[in-house]
1. Got a number for residues in the stretch 37-59 being touching a residue at least 60 places away in the same chain (Cβ under 8 Å), not in a helix (DSSP H, G or I) and not basic (Lys, Arg)?
2. Mind listing whichever residues of the stretch 34-49 are aliphatic (A, V, I, L, M) and under 20 Å from ALA82 (Cα atoms)?
3. For the stretch 87-96, indicate whether the set of residues that are within 15 Å of ALA13 (Cα to Cα), in the same structural domain as GLY28 (by TED's automatic domain parsing) and more than 12 Å from the chain's Cα centre (by Cα) is non-empty.
4. Regarding the stretch 69-83, can at least one residue be identified that is in contact (Cβ under 8 Å) with a residue 40 or more places away in the chain and either within 24 Å of ARG168 (Cα to Cα) or assigned by TED's automatic domain parsing to the domain that holds MET153 (or both)?
5. Any residue in the stretch 15-33 that is of a type in the set (Asp, Glu) sitting within a Cβ distance under 8 Å of a residue that is crowded, with 16+ Cβ neighbours inside 10 Å? List the pairs, counting only those 6 or more apart or interchain.
6. Return yes or no: is ARG170 among the basic types (Lys, Arg), part of a helix (DSSP H, G or I) and within 20 Å of LYS84 (Cβ to Cβ)?
7. Taking the stretch 1-23 only, how many residues are buried (at least 17 other Cβ atoms within 10 Å of the Cβ), over 13 Å from GLN100 (Cβ atoms) and of a type in the set (Gly, Ala, Ser)?
8. Taking into account only those residues within the stretch 1-36 that are part of a helix (DSSP H, G or I) and among the acidic types (Asp, Glu), which is nearest to ASP133 (Cα to Cα)?
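The values are calculated or read from the model by the stated rules, or taken from the named source; none is laboratory data. Because the structure is predicted, anything quoted here is derived from the model rather than measured. When we count neighbours, we look across all protein chains shown, and the Cβ atoms used for this are built from the backbone with ideal geometry, even at glycine.
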Amino acid sequence: MRENLTEGEILKALERLAALLKERRVQGEVCFLGGAAMALAFKARPSTKDVDAIFEPVQVIRDLALVVQREQGLPESWLNDAAKGYVSAKHDVVVGDLPQFESLRLTAPTAEYLLAMKCMASRIPGGLEDRGDRQDIQLLLKRLGLKSPDEAMAIVARYYPEERIPVRARFLLEDIFDEIGGTP
């Protein structure tokens with residue numbers, strides 16, 4: 001089984017994707033979500049298992065990602081939109097210091113928005129390969145200087161209707177703040 005994708009491998013693949021888009025005279029956009037955002041936009045980890053993202057134009061990028069996958073020996077779902085269910089109607093992204101290509105614009109969620117998405121997922125680790133969301137949430141809480149579960153939940157509520165926010169999100173936040181004594 002293939003190891004995680006490093007930042008270098010991902011950027012090489014995206015550079016090739018941009019070249020293929022340029023050949024077709026198509027302008028593309030990829031917004032990183034999840035682990036890819038943590039690795040590429042927030043430099044919070046050296047690698048990720050895949051690149052969860054939303055992208056446009058969807059079918060063109062899917063087709064060209066398959067070409068890149070075959071050329072570079074990447075996992076079949078190296079670029080996927082499986083996390084699109086966590087995208088908020090209040091989609092809040094930045095370019096930050098992400099590299100940009102002539103035919104491909106790269107963006108990522110703001111720290112607040114990514115925290116909200118991670119809280120909505122509130123995944124627990126599913127084994128050695130699966131980190132869950134706890135470490136990422138803790139890093140984002142620290143980055144944002146949040147001091148309580150209520151502050152964090154207020155951010156989540158800015159992006160998602162309160163009735164959609166899973167109870168496990170509050171429990172996870174309370175557990176993180178309890179463990180660290182109120183400061184992430």
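1. 2
2. Step one: of the stretch 34-49, the residues aliphatic (A, V, I, L, M) are 36-41, 44.
Residues satisfying the conditions are ALA36, ALA37, MET38, ALA39, LEU40, ALA41.
3. Let us first name the residues in the stretch 87-96 that are within 15 Å of ALA13 (Cα to Cα), namely none.
No - not one qualifying residue is present in the stretch 87-96.
4. yes
5. That search, which allows pairs on different chains as well, returns GLU15/PHE101; GLU29/PHE55; GLU29/LEU104; GLU29/ARG105; GLU29/LEU106; GLU29/THR107.
6. Details: among the basic types (Lys, Arg): yes; part of a helix (DSSP H, G or I): yes; within 20 Å of LYS84 (Cβ to Cβ): no.
Here the answer is no, as ARG170 does not meet what is asked.
7. Total satisfying the criteria: 1.
8. Ranking the candidates gives GLU7 first.
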